[in-house]
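Here's the structure, in structure tokens; my notes come after.
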Amino acid sequence: MTERISQDVSVALKSFNELASAACPLALDTYQRAYVWGEDKIHQLLTDLTDFAQQTVNQPLSNKKHQQEAYYMGTLLMHAKTQGNDNYLCVIDGQQRLTSLAILYWLLKNEVPAHIQFEFRSSRSLVNIQQAKGAMSKWLTKHNVDRQALFAIFAQLRFTVISVTKEDLAFTFFDTQNNRGVPLGSTDLLKAYHLRAINSDDGKLDEQLQSHCATRWEAVQLHGKGKSTSQKHDFAPELFHYYLWRSRNWTGNQVVELESKDEMLSHFGEQTKSTPNGEVALYPAGQNQWGKTLRLTANNDFYLTPSPQQFGAQASSLPFALRQPVSKGAGFFLYAEKYAAMLNMLFYKPSLTPEINAMQVFYNEVVLSLSHYLQSLFRLCVLVYFDRLGSQGLLRFVLWLDHRLGAIRLSQADIRRETPLKFLRDAKRNLLDVIAYAYESDDVIQFLSQNDVGKIYLLNDGWEKEIKNNRLVQERYASRVASYYGLQQLTTKTPEFIDAYVKKQLAELNTAKNKEAIDG
């Protein structure tokens, strides 16, 4: 049964085998996300299907009605696509269910349904598919399932199929459709939006660029601390919600705790800039694009010494700035890749750069004892600083930043969600703005040193008497700080002491670096 709602949209109830034909098989478009179903959804699917199969088997032979009863599997969204001489039905919504059914089909019949020709470029998808296959096989064996009866259910599967003729219309449905699978998050939709924005008159070039960008997005998802512990880890939501959106929008006193999904999609979707296909707009600081130093020569002319320019494969070196306008299409993916790689380099991967390595030591030994909210603020500030000033003065900055955040930790037994917001919003100037407009590290340190928090450290003298009980979070943090600096009491951690400590640490780092160079 087919109902044509308009010239461009039709709705039909179809069986599993009627979804497509050999001449027009099912395929996945480039803006589809990875296959992500885990054991919980796999087990639920198998439970539902086997329960239905068992009910069918238990029916009397005279009861043909139930044996012909359909099993409804929800809505699918598709659009027709021609590539060269080949025609496809691209699955826009429903690939998670269809992929899971194809895996089950293979386990039961040792072949993939001929009309499902999904290609997964993502290694993440391939790993998840293998895990799903293993989970299904174990479940079927454990429950001693009649595989022949289960396979017969495929003839009874029914789907409501929405078919659209225009890709724009398909994306509109894709954005708004609520299916029974894993709900789409804002980063999933942003990925789809910008892959779709790669659109020129050269279809082959578009497909190549879309493939490259989809692969880069997969790399973004695997960054962060969870990448080594779980294949299902996705760093993209954390990257956009906790770093990119906040670094760009927490300005002045406009510091709000949470952004809505609509704000996220608007800021990184609709408000991005259109550029020629594959190109990315760059935004130099004022008139300076290449210069490192400028001097007036004896001949009364100017001599410019250019900065070293890295144009290799290191995404963290791409010439973007956090707060610059984001270009649609490829620019969005390169922008996301740069800052995912930068965060990975700063916090999740050992560094050979002395100042970054020194920062990581302090981060692991001290900052990780702060509350979750202060840790998040610390990482955000370090990202904004490194984006603006690089590693120069990084250790001094993080020790001064901790001096201020530590005063909050020591003065408040309960750190709440609004604590970092208040820190940024209620100051004379927003620290993120100060960093974003700084020309050298001293500009930021001068701002951080305006508030004398020495009294707070003085009031916490005697913390070592309570640390044996390991009760108070303030004392545990104070113990970490004292251990890092080699102090007996925190009253000696003055601004002068911090600066002297930084000089000593950097001197030791430079000595070690020179020794390595000589030995090497």
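Screening residue 146 on (1) of a type in the set (Asp, Glu); (2) exposed (fewer than 15 other Cβ atoms within 10 Å of the Cβ); (3) at pLDDT below 85 shows it passes everything except condition (3). For region 30-71, which residues satisfy the criterion of being closer than 23 Å to residue 17 by Cβ, part of a loop (DSSP other than H, G, I, E, B) and at pLDDT 65 or above? Of everything in region 30-71, those that are closer than 23 Å to residue 17 by Cβ, part of a loop (DSSP other than H, G, I, E, B) and at pLDDT 65 or above turn out to be 32, 35, 37, 69, 70. Among residues of region 462-519 being part of a helix (DSSP H, G or I) and of a type in the set (Asp, Glu), the one that is modelled with the lowest pLDDT is 464. Which of (1) buried (at least 16 other Cβ atoms within 10 Å of the Cβ); (2) at pLDDT below 80; (3) charged (D, E, K, R) does residue 168 not meet, given it meets every other one? Residue 168 satisfies all of (1) buried (at least 16 other Cβ atoms within 10 Å of the Cβ); (2) at pLDDT below 80; (3) charged (D, E, K, R) except (1). For residue 223, state whether it is at pLDDT 80 or above, surrounded by 13 or more Cβ atoms within 10 Å (Cβ to Cβ) and outside any helix (DSSP H, G or I). Spelling it out, residue 223 is indeed at pLDDT 80 or above, surrounded by 13 or more Cβ atoms within 10 Å (Cβ to Cβ) and outside any helix (DSSP H, G or I). Are any of the residues in region 136-143 closer than 27 Å to residue 53 by Cβ, in contact with a His (Cβ under 7 Å, 6 or more places away or on another chain) and in contact (Cβ under 8 Å) with a residue 40 or more places away in the chain? Yes, because at least one residue in region 136-143 is closer than 27 Å to residue 53 by Cβ, in contact with a His (Cβ under 7 Å, 6 or more places away or on another chain) and in contact (Cβ under 8 Å) with a residue 40 or more places away in the chain. When region 291-321 is filtered for residues that are modelled with pLDDT of 75 or more, aliphatic (A, V, I, L, M) and over 21 Å from residue 439 (Cβ atoms), the ones remaining, listed by number, are 315, 318. Scanning region 371-429 for residues that are closer than 19 Å to residue 344 by Cα and of a type in the set (Val, Ile, Thr) yields 382, 384, 398. Each residue in region 72-117 was checked for being part of a strand (DSSP E or B) and touching a residue at least 60 places away in the same chain (Cβ under 8 Å), and 19 pass. Looking only at residues of region 118-143 that are of a type in the set (D, E, K, R) and part of a helix (DSSP H, G or I), we find that the one that is surrounded by the fewest Cβ atoms within 10 Å (Cβ to Cβ) is 142. Identify, from the list 177, 117, the residue that is assigned by TED's automatic domain parsing to the domain that holds residue 50, at pLDDT 85 or above and either polar (S, T, N, Q) or over 30 Å from residue 236 (Cβ atoms) (or both). Step by step, each of 177, 117 is checked, and only 117 is assigned by TED's automatic domain parsing to the domain that holds residue 50, at pLDDT 85 or above and either polar (S, T, N, Q) or over 30 Å from residue 236 (Cβ atoms) (or both). When region 226-242 is limited to residues that are touching a Lys or Arg at 6+ places or on another chain (Cβ under 9 Å) and surrounded by fewer than 21 Cβ atoms within 10 Å (Cβ to Cβ), the one that is modelled with the lowest pLDDT turns out to be 231.
The values are calculated or read from the model by the stated rules, or taken from the named source; none is laboratory data. Remember, predicted model here, so these are calculated numbers, not experimental data. Every residue, glycine as well, gets a Cβ built from its backbone with ideal geometry; the counts of neighbours run over all protein chains shown.
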